[in-house]
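A quick write-up on the structure given underneath.
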Amino acid sequence: MAEIATIARPYANAVFEIAKKRRTIDEWSRELMVLAAVAGQPAIQEVIDSPAVTSLQKSTTLARVCGDDISREGKQFLHVLARNKRLHLLAEISTQFEALRALEQASLDVDVISAYPLDDAEQKRLTETLARRFEREIRLTSRVDETLLGGVVIRAGDTVIDGSVRGKLEKLSETLQRA
């Protein structure tokens, strides 16, 4: 997995820099998501993986399926990826582009999992607290996991804050086992 991320990084960085210069970050974000979704379809994956299909045919097929959802620059990007045999990286390129976009826009997607639904006031307090902690704008999504006994689990990028009762009990159990 790390190898795919490493290979995809220069492409994601290059597209991001172009999008930033031209102020088309949102457009590129949408296009990359469309390309990744289409490239992930089994029939298209078969074309991408086929040694009998030329690079030009692969990129042309993908561009044709996407139709008007991708720009001329998006089609050119597809041709570059196909020529370098990198079409299989579209999903990872899109993921890395979104990470760069979030950094650029100083926002962070946070997923909150709780035992019970959070009301608006709780969500607002949590958003404000996380914004101070991470020094970013927070985009909060919350969902309920009825298997939690109580508390919340917060996922913010690579950070996981386990404030659930289950998590606290597990930590206590580990501590007692070490003692």
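The values are calculated or read from the model by the stated rules, or taken from the named source; none is laboratory data. For clarity, every value in this text was computed on a predicted model and none was experimentally measured. Cβ sites come from the backbone with ideal geometry, for glycine too, and all protein chains shown count toward neighbours. For the accessible areas, the whole protein counts, side chains as well, though only heavy atoms, and no ligand, DNA or RNA atoms are used. Shrake-Rupley method; radii C 1.70, N 1.55, O 1.52, S 1.80 Å.
Considering only protein heavy atoms and a 1.4 Å probe, what is the carbon-and-sulfur percentage of the accessible area of the chain?
That share works out to 53 percent.
If you average the alpha carbon positions of the stretch 1-67 and of the stretch 82-146, how far apart do those two centres end up, in angstrom?
After rounding, the separation between the Cα centres reads 22 Å.
In debye to the nearest 20, how big a dipole does the stretch 1-79 give about its Cα centre with +1 on each Lys and Arg Cβ and -1 on each Asp and Glu Cβ?
320
With every protein chain kept in place and ligands, DNA and RNA left out, what is the accessible area per residue of the chain? Probe 1.4 Å, answer in Å².
Value for the chain: 63 Å² per residue.
List residues of the stretch 98-124, by number, whose backbone nitrogen lies under 11 Å from a label position 7 Å along Cα→C-beta of Leu172.
The answer is none, because no backbone nitrogen lies closer than 11 Å to the label point.
Pick out the long, greasy-scoring helices in the chain: whole DSSP H runs spanning 24 Å or more along their own axis by Cα, mean Kyte-Doolittle at least -0.5.
Taking the DSSP H segments of the chain (at least 24 Å long, mean hydropathy at least -0.5), we get 2-22.
Which one is right for this structure if volume of the Cα convex hull per residue in Å³ is calculated from it: (i) 103; (ii) 178; (iii) 134?
The value computed from this structure is option (ii).
Which one, Gln177, Gln105, Val15, is farthest towards the positive end of the dipole of the chain when Lys and Arg carry +1 and Asp and Glu -1 on their Cβ?
The one lying farthest along the dipole's positive direction is Val15.
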